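Bear in mind these aren't lab numbers, they're just calculated from the coordinates by the rules spelled out. It should be emphasised that the depicted structure is a prediction, and the values quoted were computed from it without experimental measurement. Here Cβ is always computed from backbone atoms with ideal geometry, including for glycine, and neighbour counts include all displayed protein chains.
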């Protein structure tokens, strides 16, 4: 996804507090969800914008 974000001049920010809660999940499904969220964020964020993952 970095290549697509770079082409659109977008910046990714990861904002995870140290006190974040954790859960056991299926890694394949989690990757799919994150991929879809990132893809949509890139599509719908204006050129030069910032995408924050919390």
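Among 20-30, 4-14, the peptide with the highest mean count of other Cβ atoms within 10 Å heads the list, and the full ranking is 4-14, 20-30. When only Cα pairs below 8 angstrom with a gap of at least 6 residues are kept, the stretch 2-53 shows a relative contact order of 67 percent. Helix 27-44 and the longest principal axis of the C-alpha atoms of the chain enclose an angle of approximately 30°.
Pairs of alpha carbons in the chain separated by more than 17 Å make up 44% of all such pairs.
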